[in-house]
Amino acid sequence: MFKFGQDIGIDLGTATVLVYVKGRGVVLKEPSVVAIDTNTGKVLKVGVEAQNMIGRTPGNIVAIRPLRDGVISDYDTTEKMIRYFLRKVCKNRFFKPRVMVCVPSQATEVEERAVTDAATQAGAGKTYIIEEPIAAAIGAGLDIGKPYGNMIVDIGGGTADVAVISLGEIVVSDSIKVAGDKFDEAVVKYIRKKHNMMIGDRTAEELKVEIGCVYPRPVTLAKEIKGRCLVSGLPKVVTITSEEMLEAFNECAMQIVEAVHNVLEKTPPELVGDISSGGILLTGGGSLIYGLDKLLSRETGLEVFIAEDAVFCVAKGTGMSLDYMDNMKQGTRYSS
Ligand code: ADP
Ligand code: MG
């Protein structure tokens, strides 16, 4: 009934927006950043171009992440961002696509409505909203339609979301504002305190990705970084080790462990039984920090797996869920 390319999934992440087109896969992956001229309120750039402006702009231009903490803090900007991304992938205006959008779990109904309106205005024929854990599970290839408990932990930039799904619905869930960004902040704080040195967010993220860990690495890694000495105010170079990263990340990592514990405690026993055989599935970019699977496994006694294509799971699942919805009519909310 629907022509090729007419089903589109948008993963509106706190750090990254991904767009999936049925039959083509993930066609767009850009940071959820918008550059705005504060004098006029005009959106200047969106996505990667906006991100490249960070720290390099005159005072009247700011680059913002409108979804940063998992809530749509800036409604107008979010709308413009969706419109921009959707137009970028929808070259053919003749066939109106069906669009499924996955919004951060903390978003309110009003915010969700704003998102669906934006997508519709941008040319979507019909717009639906899907809950993130459901999309993550579908994208990871889980068969969630059965009466069987699956636990998904999605760690993004702004939020970590823990959910137990059975029969296509979320049974228990929790969302905390401890994810990739907080790990970056922890690195900045640690280096300021321990080395009397100020580093930028980008350096912090690089350290996290390259040598960071939340479980001891088999071989200690080290990386030389540059920053500003807080005592002299002059440039300074130090070498940071993965062991220091482990120390810096301990608190954030344990907060994620605690969220998983909380959800397990609230999960009905039958479903806990299922999870103890099936294990926990990790998705999202934040789940790639070294050792999170091992740490969670040690702290819960359960098996923990990182989904294949962890970063793309939600986007894939969001697009695929339109098919799923045709069959199930579950896991999605209102449409416009
Ligand atoms: P969201 O869904 O909230 O937009 P993502 O799933 O795209 O977020 O994840 C973004 C976060 O993942 C960022 O904090 C980024 O630093 C982190 N990240 C991406 N790749 C890695 C990696 N290899 N190791 C550790 N963290 C990573
Ligand atoms: Mg995400």
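The values are calculated or read from the model by the stated rules, or taken from the named source; none is laboratory data. Because the structure is predicted, anything quoted here is derived from the model rather than measured. So basically every Cβ, Gly included, is an ideal-geometry build from the backbone, and we count neighbours across all protein chains shown. Surface accessibility is based on the protein's heavy atoms, side chains included, excluding ligands, DNA and RNA. Shrake-Rupley method; radii C 1.70, N 1.55, O 1.52, S 1.80 Å.
Among the residues making up segment 30-56, those that are open to solvent by 50 Å² or more (accessible area, probe 1.4 Å), without any contact (Cβ under 8 Å) to a residue 24 or more places away in the chain and either over 28 Å from Ile8 (Cβ atoms) or touching a helix residue (DSSP H, G or I) at 6+ places or on another chain (Cβ under 9 Å) (or both) are Asn39, Thr40, Leu44, Lys45, Ile54, Arg56. Which residue is farthest from Asp181 (Cα to Cα), if the candidates are limited to segment 74-110 and must be under 16 Å from the mean Cα position of the chain (by Cα) and not hydrophobic (A, V, I, L, M, F, W, C)? Taking the candidates together, the pick is Thr78. Could you please find all residues in segment 17-29 being in contact (Cβ under 8 Å) with a residue 40 or more places away in the chain and at positive phi? Result: Gly25, single match.
Within segment 120-216, considering only strands (runs of 3 or more DSSP E) that don't extend past its boundaries, which have at least 3 residues that are closer than 18 Å to Ala315 by Cα?
Of the strands (runs of 3 or more DSSP E) lying wholly inside segment 120-216, those with at least 3 residues that are closer than 18 Å to Ala315 by Cα span 126-130, 150-155, 160-166.
Out of curiosity, is Tyr215 of a type in the set (Phe, Trp, Tyr), more than 30 Å from Gly149 (Cβ to Cβ) and open to solvent by 20 Å² or more (accessible area, probe 1.4 Å)? For Tyr215, the condition - of a type in the set (Phe, Trp, Tyr), more than 30 Å from Gly149 (Cβ to Cβ) and open to solvent by 20 Å² or more (accessible area, probe 1.4 Å) - is not met. Within segment 235-253, the set of residues being open to solvent by 40 Å² or more (accessible area, probe 1.4 Å), without any contact (Cβ under 8 Å) to a residue 60 or more places away in the chain and not in a strand (DSSP E or B) comprises Glu243, Leu246, Glu247, Asn250. Restricted to segment 11-33, and to residues there that are more than 11 Å from ligand 2 (Cβ to nearest atom) and small (Gly, Ala, Ser), the residue that is nearest to Thr159 (Cα to Cα) is Gly25.
In segment 172-197, the residues that are in contact (Cβ under 8 Å) with a residue 60 or more places away in the chain and open to solvent by less than 20 Å² (accessible area, probe 1.4 Å) form Cβ pairs under 6 Å with partners that are more than 16 Å from ligand 2 (Cβ to nearest atom) and assigned to a strand (DSSP E or B), at six or more places apart or across chains, as follows: Val172/Val164. Here is a check on your reading of the model: is Cys313 over 15 Å from Leu142 (Cα atoms), within 17 Å of the chain's Cα centre (by Cα), crowded, with 19+ Cβ neighbours inside 10 Å and of a type outside the set (A, V, I, L, M)? No.
Hey, among Ala140, Ala114, which residue is under 28 Å from Thr283 (Cβ atoms), of a type outside the set (Asp, Glu) and out of contact with any Asp or Glu (no Cβ under 7 Å at 6 or more places or on another chain)? So that I can check it myself, show each step before the final result.
Values: Ala114 fails: out of contact with any Asp or Glu (no Cβ under 7 Å at 6 or more places or on another chain).
Of Ala140, Ala114, the one residue that is under 28 Å from Thr283 (Cβ atoms), of a type outside the set (Asp, Glu) and out of contact with any Asp or Glu (no Cβ under 7 Å at 6 or more places or on another chain) is Ala140.
Suppose we filter Lys226, Lys266 for residues that are more than 16 Å from ligand 1 (Cβ to nearest atom), of a type in the set (D, E, K, R) and farther than 28 Å from Val314 by Cβ; which single one remains? Talk me through it step by step, then tell me what you get.
Values: Lys266 fails: farther than 28 Å from Val314 by Cβ.
So the residue among Lys226, Lys266 that is more than 16 Å from ligand 1 (Cβ to nearest atom), of a type in the set (D, E, K, R) and farther than 28 Å from Val314 by Cβ is Lys226.
Can you give me the number of residues within segment 57-83 that are among the hydroxyl-bearing types (Ser, Thr, Tyr) and open to solvent by 80 Å² or more (accessible area, probe 1.4 Å)? Break it down stepwise before answering.
Keep residues of segment 57-83 that are among the hydroxyl-bearing types (Ser, Thr, Tyr), which gives 57, 73, 75, 77-78.
With open to solvent by 80 Å² or more (accessible area, probe 1.4 Å) added as a condition, the list becomes 73, 75.
The qualifying residues number 2.
Every condition in (1) away from ligand 1 (no atom under 16 Å from the Cβ); (2) in contact with a helix residue (DSSP H, G or I) (Cβ under 8 Å, 6 or more places away or on another chain) holds for Gly285 except the one numbered (1). Listed conditions (1) more than 16 Å from ligand 2 (Cβ to nearest atom); (2) within 19 Å of the chain's Cα centre (by Cα); (3) closer than 24 Å to Glu79 by Cβ are all met by Met151, apart from (3).
Checking each residue in segment 1-10 for being open to solvent by less than 10 Å² (accessible area, probe 1.4 Å) and either more than 17 Å from the chain's Cα centre (by Cα) or away from ligand 2 (no atom under 16 Å from the Cβ) (or both) picks out Asp7, Ile8. So for segment 289-307 (the condition being within 24 Å of the chain's Cα centre (by Cα) and under 16 Å from Ala204 (Cβ atoms)), does at least one residue qualify? Taking every residue of segment 289-307 in turn, at least one turns out to be within 24 Å of the chain's Cα centre (by Cα) and under 16 Å from Ala204 (Cβ atoms). From Thr120, Thr127, Thr108, Thr116, which residue is surrounded by 22 or more Cβ atoms within 10 Å (Cβ to Cβ) and out of contact with any helix residue (DSSP H, G or I) (no Cβ under 6 Å at 6 or more places or on another chain)? Testing whether each residue is surrounded by 22 or more Cβ atoms within 10 Å (Cβ to Cβ) and out of contact with any helix residue (DSSP H, G or I) (no Cβ under 6 Å at 6 or more places or on another chain) leaves just Thr116.
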